[in-house]
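Asks: Next up is a structure, given as structure tokens.
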Amino acid sequence: MSGGDPQLDARLAAMLPTWQDSSGKVLSCHEKIKVLNQNLAELLELAQDALEDAVLMGADEAQVRACLHAMVDALENPYDS
């Protein structure tokens, strides 16, 4: 997965979905699946680093988690018509 922390890789592997298109059909292109999985690996690693940094600097863990959730909820689909 990320090639870094084995624990992070194991957590990511447990979270990865079977990727589907908007009609529910399973994606079969291995390159597309690889890119999607790599993107999630990068996000997980960055989010984990951000959480650890925040906690080490004395920030409230629950607040940091809420902020990360809010950021994901605020993502916009630029292709939505």
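A short reminder: the numbers here are calculations on the coordinates, not readings from a lab. Computed from a predicted structure; not experimentally measured. Virtual Cβ from ideal backbone geometry, glycine too; neighbours counted across all protein chains shown.
Asks: Name the residue farthest towards the positive end of the dipole of the stretch 29-81 from the options ASN39, GLN63, LEU75, assuming +1 on Cβ of Lys and Arg, -1 on Cβ of Asp and Glu, about the Cα centre.
Replies: Among ASN39, GLN63, LEU75, the one farthest towards the positive end of the dipole of the stretch 29-81 is ASN39.
Asks: Just to be sure I follow: if Rg is taken over the C-alpha atoms of the chain and Rh is the Kirkwood radius over the same atoms, what is Rg/Rh?
Replies: 1.03
Asks: If you plug each phi of the stretch 71-77 into the Karplus form 6.51 cos²θ - 1.76 cosθ + 1.60 with θ = phi - 60°, what whole-Hz ³J(HN,Hα) values come out, in order, with x for Gly and Pro?
Replies: 5, 5, 4, 8, 4, 10, 8
Asks: For Cα pairs less than 8 Å apart in space and 6+ apart in sequence, what is the mean separation divided by the residue count of the chain, i.e. the relative contact order in percent? Mind showing how you got there, number by number?
Replies: On the way: 37 pairs, mean separation 18.8, N = 81.
Result for the chain is 23 percent.
Asks: Right, here's the next one. Counting only Cα atoms, I'd like the Rg/Rh figure for the stretch 26-72, Kirkwood definition for Rh.
Replies: Dividing the radius of gyration by the Kirkwood radius yields 1.18.
Asks: Would you mind checking the tilt of helix 6-15 against the longest principal axis of the Cα atoms of the chain, expressed as 0 to 90 degrees and rounded to 10?
Replies: 50 degrees
Asks: May I pose another question? For helix 30-56, what angle does its Cα long axis make with the longest principal axis of the chain, in degrees from 0 to 90 and rounded to 10?
Replies: 10 degrees
Asks: Among 43-54, 5-16, how do they line up by average Cβ neighbours within 10 Å per residue, starting with the highest?
Replies: Ranking, from highest mean packing down: 43-54, 5-16.
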